[in-house]
Every structure is written in structure tokens, then in C-alpha cells.
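One structure is given below, encoded as C-alpha cells.
Just so it is clear, none of the values below were taken in a lab; they were calculated from the coordinates. Source: prediction; values computed, not measured. No Cβ is skipped: glycine too gets one built from the backbone with ideal geometry, and neighbour counts run over all protein chains shown.
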Amino acid sequence: MQERILGSLKEHFGHAHFRPGQEAVISHLMAGQSAVAVFPTGGGKSICYQLPALLLPGVTLVVSPLIALMKDQIDALTARGIAARRLDSTLGADDYRTVMEQLRGGQLRLLYVAPERFNNERFRAAIARVQVSLFAVDEAHCISEWGHNFRPDYLKLAGFARQIGAERILALTATATPPVLEDIRRVFAIAPECAVRTGFYRPNLELRSTAVTAGERDGALLAALQGRPPGPTIVYVTLQKTAEALAERLAAAGWPARAYHAGMEDEARAGVQEWFMGSDRAVVVATIAFGMGVDKANIRYVYHYNPPKSLENYAQEIGRAGRDGEAAVCHLLFCPDDLNVLENFIFGDTPDAGALHSLLHDLFGREAEFDLSLHEIAARHDIRPLVLRTLLTYLELDGLLEGGTPFYSQYRFKPLLSSKAILERFEGERRVFLGALFRQAQKGRTWLTLDADAASAALHCPRERVVRALDWLGEQGMLELQAAGVRHRYTRRRMPDDLDALATALHGRMAQREAGELQRLRQVSDLAGLQGCHSAMLAAHFGEMLAVPCGHCGGCLEQTRPRPERGGAAIPPGLAAALAPLLEEKAATLDSPRAIARFLCGVTSPKLSHAKLGGHALFGALVAVPFGQVVAWAEALHVES
């Protein structure tokens with residue numbers, strides 16, 4: 001078996017030897033065991049599922065939240081003659097149909113999907129009929145609610161893997177601390193001996209940190225760029241507008257710089273990425289949207305113009321430098337005033353206690369079986385959609401609710417043949433059924449709309465038959481099909497003993513998450529001001545203890561400059577008077593000190609968006625003031641009123 005594995009490595013990927021950890025992971029998988037791989041960014045995690053995909057029967061299903069990674073890996077695999085495709089939100093109807101036909105026909109070795117794809121009932125029904133030899137989960141740290149990037153959809157992946165009969169699971173991550181690794185093992189039922197962790201520390205990365213004020217930062221960045229030989233460079237920023245403005249300033253100073261962020265059109269982003277990949281001098285000023293899956297080995301510099309929100313994010317971002325093994329510099333320009341913006345992101349995710357009370361009374365005031373639109377519920381109770389998904393997941397894990405298969409409330413289809421031509425292809429009961437199904441659709445100018453639940457009730461058939469029929473007709477090219485209005489099914493398993501007590505407990509849990517995120521941000525601040533080996537501190541965070549200091553980071557080579565004091569604008573004395581008319585007019589929206597603080601600090605919420613307060617002159621008026629200080633001011637305002 002080992003000879004066969006090494007032969008495939010050489011034949012398909014051109015490598016004579018494995019990198020550290022790869023062979024152990026692949027051996028576990030080929031022996032039928034599930035495994036987890038914790039390799040540093042650039043450590044070769046993808047080979048751990050791409051190579052077994054060629055040796056195992058059936059298909060390897062790769063779950064990843066990174067569309068850029070999917071595209072890049074599929075291009076590389078296709079160039080090697082390996083059948084790999086993806087399903088993501090950018091695919092049109094024809095491409096989707098082609099991929100599903102290839103999947104059912106056994107033509108694919110690898111299929112890449114986002115975790116949200118399992119919310120699609122059509123996909124779940126299709127994949128359950130296919131042999132899934134390997135279920136690979138990238139960015140597996142997202143499964144841990146105490147990790148730095150918890151995603152509720154990840155918690156359900158283990159259940160999905162069981163439902164579709166996946167034969168083995170591979171969890172992959174670059175940023176699992178020891179507690180997060182234990183979470184991954186527990187959820188996916190991976191044995192301790194099948195958890196493979198390689199060293200985190202990379203000696204070719206030189207970690208530098210410079211404490212700066214906001215006024216000093218541009219000069220410090222330009223001085224750093226000018227003082228080092230040119231090379232492919234990423235400059236990370238927090239906000240999209242910062243990416244645009246800084247790229248313009250660097251370009252004006254003579255640097256080949258372009259901005260990259262999620263607010264750009266797909267074509268523009270692709271153009272910047274292609275330009276960067278083909279250049280040995282390019283400077284990309286980017287939000288964290290850039291770099292995910294970008295396989296450029298010779299990135300020489302990674303600068304942080306704004307601090308990352310955690311050491312895990314920092315490790316991921318600097319891990320894109322020096323993948324060719326040559327020296328690379330990772331330079332953090334730490335400005336304490338930037339912490340306000342990052343903290344505001346965190347505070348914006350914690351709902352008010354009143355919002356949790358109203359949510360629970362809504363959910364548990366329904367019938368035992370119900371469905372809901374996350375968007376509608378989020379807006380009704382002023383809870384961000386991702387936070388709402390987290391709360392619903394908590395209720396599932398506590399045994400109060402059980403989530404069912406999400407479904408689309410409406411299907412739209414455009415016949416590509418006449419109804420007569422379609423029906424002539426069928427006989428007997430199937431022809432009668434399809435004719436009756438077509439009559440249930442409401443006709444528009446071009447598209448017909450069908451309510452699947454109403455159709456199944458009218459035709460006295462299971463809803464699944466309606467969906468399967470439409471899906472099959474779409475795959476056969478008889479009609480173009482679109483689904484909309486996703487709704488999530490839930491069953492109440494038991495009533496809480498005390499709804500108000502549960503709301504209080506959930507609010508405490510969210511406050512604990514908030515405290516954890518703030519602590520992660522403080523760890524970044526601690527690293528920036530560390531009077532010692534930065535490499536050793538970062539490695540220790542991920543469970544690796546260096547025997548001696550690295551000797552080449554900023555903390556080892558020079559005295560770290562003391563951090564400047566965190567500033568913060570004062571609250572204008574006339575603000576209360578200016579705000580009073582708005583508080584009276586929008587009392588239902590600005591109904592708590594925290595809601596007022598979100599508004600003044602420029603933190604959006606569903607309720608603020610619905611009230612169209614984002615364009616108000618006072619929205620974000622206190623963005624430079626720490627959030628806690630604004631909450632305290634708003635609490636005093638409430639007491640006075």
C-alpha cells in the first residue's frame with residue numbers, strides 16, 4: 001500500500017517525498033480510519049485528501065467555506081487530469097446541472113462544496129445516493145464555538161456525514177489551539193492516535209512589530225517598504241474603504257499597489273488576483289477576503305496596517321508568506337486606536353437581553369412543528385442572522401429544538417420545451433402527475449412559480465416527489481429551475497422550564513462569547529508589545545514550545561518600542577441634546593443603552609437597518625470612543641430621562 005501511495009504522489013503531483021505529517025494522515029485514511037490534520041498554513045493539507053481521492057472508490061466530498069480555494073484547487077487538479085468540480089453560489093443553472101450529472105455518473109473524484117450547501121434539500125438527496133468514501137472538512141476549527149471563527153453550520157457537519165453514509169472523515173485546520181483540537185476530535189469521533197499535528201513554528205518567517213500612532217502609520221509603512229528589497233507583498237487592513245484609500249496613497253508614492261476587498265465585483269477581484277499571481281513586485285492592500293486559497297509561494301512580505309482580530313487570524317495571514325521556504329518578513333504596525341473598530345464588530349454581535357426574551361417567546365409560542373425564515377426572525381428581534389443561527393444551534397444542542405431539512409418555499413421554472421413536448425415524453429401515471437403539477441404553477445411573463453407545499457397538498461403526494469420531479473426535469477434540460485425563499489424546519493422536543501431564565505442564561509452565554517473575543521483581541525495587543533520572543537509566544541498559543549528563542553524576530557533582535565497609549569475622542573457635551581429628538585422619534589428602535597451605543601458607534605443591526613438609521617448624521621458619531629464608555633454614557637442618559 002505504501003508503494004502505491006508514494007507512486008500516486010509522484011505520478012499525479014510530481015513529489016518524491018511527503019511533507020511532515022502527510023504520510024501519517026493518508027495512512028490512517030487508507031486504513032479506513034477518520035483523522036484530523038493540524039498543519040501550519042502552507043503545510044500541504046490539501047494533499048491529505050486529494051491523493052486518497054485517487055486511491056479510494058466513489059467520490060471525496062470536500063467541505064470548505066473558501067470559494068477562492070475551491071477555484072484554485074480545481075484548476076490545478078484539472079490541469080493534472082484529475083476530475084474535480086465545485087458547487088457554489090457562482091454557478092449558473094447549466095453548470096450546476098453538469099456537475100450533478102457527473103456526480104451521479106461516477107465521473108468525479110472530488111467535489112468541493114460550502115458547508116451551507118447541506119441546507120439545500122436537492123443536494124442532500126442527491127449526495128445520499130452516491131458513495132462518499134471520504135468527507136474532508138477544511139477550516140475545521142470553525143466547528144468549535146470557543147474557537148476564533150465559529151460557524152454554526154459546521155456543528156452539523158458530523159451529522160450530515162453520518163446521514164449520507166460517509167465512510168471516513170478528515171478534519172483539516174492550520175489554527176487549532178489544543179482545546180479546539182479536542183473539540184474537533186470529539187465532534188467527529190476521531191481517535192487520539194489519528195490526530196496528526198506538525199510543528200507550528202516556521203523559521204523562515206521574521207516576525208516584526210512596530211507600535212505607531214495613527215499619524216505615524218503611513219510613514220512607517222512606506223519606510224518599511226522602501227527599506228526592503230521589492231517582492232510580492234500583502235498589506236492587510238480592516239475596512240474596505242481603508243483598502244481603497246491606502247492603495248491609492250501607495251500608488252501615488254510610486255508603488256505598484258491595488259486594493260482587494262469583498263465589496264468589489266467578482267471580475268475586478270479576479271483581475272487583481274491574477275495580476276498579483278503573475279508579478280514579483282505587486283502590493284495588494286486587502287481585507288481578509290484576500291489570501292484564502294491563494295497559492296503563491298514567493299510572497300516575501302505580509303504587513304498588518306490594522307491589527308488582526310485574533311492570534312489565529314494573524315497566524316493564518318502571515319502563513320501566506322514564504323511558502324517557498326525562503327526568508328519572509330511579517331510586520332505588524334500596531335496602533336491602539338484601531339482596537340475601537342475591532343471591538344465594535346464584537347459588541348455588535350451580542351444581542352440585548354430583551355431581544356433574547358422576545359425571540360424565545362416567539363419560538364416556543366408556536367406549534368410543535370414549525371418553519372421559519374432566518375432573515376425575517378433576525379429582523380423582527382434585532383439579532384444578526386449569524387448570531388441567530390448560533391442561538392438556534394444552542395437550543396438544538398440543549399435538546400429543546402431539533403432542526404429538520406431546510407427547504408425552499410418557492411420554485412421558479414422557465415420551460416425550455418412546450419408543456420406538450422415535455423408530457424409526450426412520459427406515459428401513464430407519471431404523465432398525469434406532471435400535467436397536474438404544471439397546472440399548480442402560477443404563470444408569469446416568462447417564469448412560472450410553484451409553491452411546493454401547496455402543490456404536494458393539492459396532488460396528495462409527498463413534497464419530496466414534487467421537488468424530485470422539478471429537479472429531474474431541470475437536469476434533463478426541459479426547464480430552467482430556480483429555488484428561493486429558504487425556510488428552516490424545527491421540531492420542539494420539550495418546553496423550557498422557564499423561558500425567562502433560559503433567555504437570561506443565553507444572554508450570559510453570548511456575553512461569555514463576547515468576553516472570549518475581546519480576550520483574543522487583547523492577545524494580539526500583548527504580542528505587539530511583547531518584550532521577548534514573538535515566535536515563541538505565537539507557537540506556545542498553538543501548543544508548541546520552542547526550546548530556545550528564535551533569535552530573529554523583532555523581540556529577539558531589538559528592544560520593542562513601548563506601545564502608545566490608547567486614545568479615544570471625548571463625547572461632545574452637546575450630544576445628548578442633539579440626540580434627544582431622534583430618541584423620541586425612534587423610541588422603538590433606540591430602546592436600550594446598548595442599542596443607542598451601537599447607533600452612535602456605527603455598528604449596524606437588523607433593527608437599525610430597517611429603520612434606515614445608517615444614513616443619519618449621528619450614526620457613527622462616536623466611532624472613535626470605546627464602546628463600553630458609550631454604553632455607560634447611554635445608561636446615564638436613560639436614568640436622567
Check your understanding: Which Cα, out of Ala93, Leu155, Ala126, lies furthest along the positive dipole direction of segment 2-197 (beta carbon charges, K/R +1, D/E -1)?
Key -> Ala126
Check your understanding: Can you give the direction-averaged projected area of the convex hull of the alpha-carbon atoms in segment 424-548, in nm²?
Key -> 17.6 nm²
**Study point:** Exposed-loop-free span, longest in the chain, where GluC sites (Glu not before Pro) count as exposed if DSSP calls them loop and at most 13 other C-beta atoms lie within 10 Å
**Key:** 1-264
Point to revise | Efficiency of FRET from Cβ geometry, Gln476 and Gln102, R₀ 22 Å, rounded to 0.05 | key: 0.90
**Study point:** Loop-located trypsin sites (Lys or Arg not before Pro) in segment 420-482, at most 14 other Cβ atoms within 10 Å (DSSP)
**Key:** Arg425, Arg445
Study note, to complete from the structure: Computed for the chain: size of charge dipole around the Cα centre, +1 on C-beta of each Lys and Arg, -1 on C-beta of each Asp and Glu, debye to nearest 20, value 1440 debye
Check your understanding: Tell me, what is the FRET efficiency for Glu193 and Arg425 to the nearest 0.05, using R0 = 41 angstrom and their Cβ-Cβ distance as r?
Key -> 0.15
Review point. When all alpha-carbon pairs of segment 435-483 are counted, what percent fall beyond 18 Å?
Key: 23 percent
Check your understanding: When the convex hull of the C-alpha atoms of segment 2-197 is computed, what volume per residue in Å³ does it have?
Key -> 110 Å³
Check your understanding: Can you give the helix-only mean residue ellipticity at 222 nm for the chain, where every DSSP H stretch with n ≥ 4 adds -39500 (n - 2.57) and the sum goes over all residues, rounded to the nearest 500 deg cm²/dmol?
Key -> -13500 deg cm²/dmol
**Study point:** Convex hull of Cα atoms in segment 29-73, direction-averaged projection (nm²)
**Key:** 3.8 nm²
Exercise for review: Convert each backbone phi in segment 167-172 into a coupling constant with the Karplus relation 6.51 cos²θ - 1.76 cosθ + 1.60 (shift: θ = phi - 60°), then list the ³J(HN,Hα) values in order as whole Hz, x for Gly and Pro.
Suggested key: 7, 7, 10, 10, 9, 10
**Study point:** Under 25 Å, Cα to Cα: Lys pairs in the chain, sequence gap 8 or more or different chains
**Key:** 17
Check your understanding: If you stretched the chain out fully between Ala93 and Ala515, how much longer would it get, using 0.36 nm times the residue separation minus the C-alpha to C-alpha distance?
Key -> 147.5 nm
Check your understanding: How do Ile422, Ile288 line up, fewest other C-beta atoms within 10 Å first?
Key -> Ile288, Ile422
Check your understanding: What is the extension gain from Met277 to Ala223, computed as 0.36 nm multiplied by their sequence separation minus the C-alpha to C-alpha distance, in nm to one decimal?
Key -> 17.0 nm
Exercise for review: Would you be so kind as to identify all helices of the chain, as entire DSSP H runs, whose Cα atoms reach 15 Å or more along the helix's own axis and whose mean Kyte-Doolittle hydropathy is at least 0.0?
Suggested key: 67-79, 178-188, 214-226, 353-363, 385-397, 575-585, 627-640
Revision key, fill the gap. If R0 = 35 Å, then Ala252 and Ala76, at their Cβ-Cβ distance, give a FRET efficiency to the nearest 0.05 of 0.45
Practice item. Grab every C-alpha pair in the chain, bin the distances at 10 angstrom width from 0 up to the longest one, and report whole percents. Key: 3, 14, 22, 25, 21, 11, 4, 1, 0
Practice item. Using only alpha carbon positions, build the gyration tensor of segment 407-491, then give the equivalent ellipsoid semi-axes as the square roots of 5 times its eigenvalues, largest first, whole angstrom. Key: 21, 15, 11
**Study point:** Arg186 paired with Trp447, simple spin-label distance in nm, labels 7 Å along Cα-to-beta-carbon
**Key:** 4.4 nm
Review point. Treating the beta-carbon of each Lys and Arg as +1 and of each Asp and Glu as -1, no other charges, what is the dipole magnitude of segment 575-640 about its Cα centre, to the nearest 20 debye?
Key: 280 debye
Check your understanding: What span do the alpha-carbon atoms of segment 575-640 cover on each of the three principal axes, reported in whole Å from largest to smallest?
Key -> 26, 24, 18
